[in-house]
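Taking it in order: structure first as structure tokens, then the write-up.
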Amino acid sequence: MTAASAPEITGTSTADQSKKANLSFVLRSISFSHYNEKARWALDYYKVPYVEYRSLPICHIFSMFNHRAKERPTTGGGTKFVTPHLTATPLNESAQASAPIEAIILNNSTKIMQFLSNQYAASPKTMDDATAEAAPMNLYTDDEATATKILSLEERFDKMIGPHIRRYLYYELLLKSPSSVGRSMGQHENAGPLQVLIWTLFFPLIRWILVNFLHINDVSAMRSKDILKREFEQISRVLESGPPGPAYLIGNQFTAADLTLASLGGLVVGVNEEDGYGAWIPKKDNLRPEAVAFCNELKATTAGQHIVECYKLHRGSKAPGSRYGFSLFSLW
Ligand SMILES: N[C@@H](CCC(=O)N[C@@H](CS)C(=O)NCC(=O)O)C(=O)O
């Protein structure tokens, strides 16, 4: 991998020890969360099969209790129960016996994407031509300086787009739309039946907790809206200043920067399951007219159009062999 920093790994193994190892992947997610969409997209992009254990907010505390981090994440918010959470376990028992490799645990979307790029991207330097051709292009490219630029854009989107879209959309969905719209987010098979029941029955309480915990109110939502507008304008300028031809954020190929922008920004331009988003989300048109107008305004920008194009051209479908996992007698 040419990305700047190595992924944080829990346990004693390193990314290098497991390079090209036969690993099986479990993703623990909050199904409709955009940071989780970013991790899912990276897995799907590299065609890495995974089992996704999905949770709904608040229920995720129970799902993640045995998988919680030692400390709260230092950037991007979140608690010890933060998702996405990816576990990579060695598959081949004989390999395990001769050279034991501990499970690799990654609980940050950027680290997940870096790790997968390290493991599964085409690497012309080390692969024979046929293998390199079959493998997807490295989302961080094969050039160190370009990788650093990609990573810095990715970090910016993680900080400036992700939290503000979450706040603004929760504001619209939990506070400003009819409660049937907020309730619907926990339904449509976004998690196991018991979680769906809890979300539906206790929706007013869950809404109250989320609104207070995430400081969702008129003032904070308007601030997030302003920030999003500015960010979309700036990203549009970057895209418009690029070389002629298909516009990408860096160079002329789809990279981790485009994937991050599209996965984190998709919800606010109305991307949904039909476009390839990996969970059910209410249609934009169920929001109140002011919100629909704001989403349409962002969608009309060059950045918004780029997000829509990235979904069309690069989202693809679930990695073959992937499935949903359930616990508690298939109820959770
Ligand atoms: N910077 C982190 C952010 C992850 C994040 O904010 N995850 C949210 C979902 S949108 C979450 O799991 N929140 C629940 C919690 O922290 O308990 C990443 O890129 O993975």
task = Give region 50-64 a look and list any residue that's surrounded by 15 or more Cβ atoms within 10 Å (Cβ to Cβ) and not in a loop (DSSP other than H, G, I, E, B), or say none.
result = 50, 51, 52, 53, 54, 55, 59, 60, 62, 63, 64
key: Among the candidates 109, 117, 94, residue that is at pLDDT below 90, out of contact with any strand residue (DSSP E or B) (no Cβ under 7 Å at 6 or more places or on another chain) and either surrounded by 22 or more Cβ atoms within 10 Å (Cβ to Cβ) or in the same structural domain as residue 48 (by TED's automatic domain parsing) (or both)   = 94
ask   = Filtering region 30-49 down to residues that are assigned to a helix (DSSP H, G or I) and near the ligand (Cβ under 8 Å from one of its atoms), which residue is farthest from residue 271 (Cα to Cα)?
value = 39
ask   = Where residues in region 65-91 are hydrophobic (A, V, I, L, M, F, W, C), assigned to a loop (DSSP other than H, G, I, E, B) and crowded, with 17+ Cβ neighbours inside 10 Å, which of them is farthest from the ligand (Cβ to nearest atom)?
value = 69
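The values are calculated or read from the model by the stated rules, or taken from the named source; none is laboratory data. Here the structure is a predicted model, which is why all the values come from computation and not from measurement. Please note: Cβ atoms are built from the backbone with ideal geometry, for glycine as well, and neighbour counts cover all protein chains shown.
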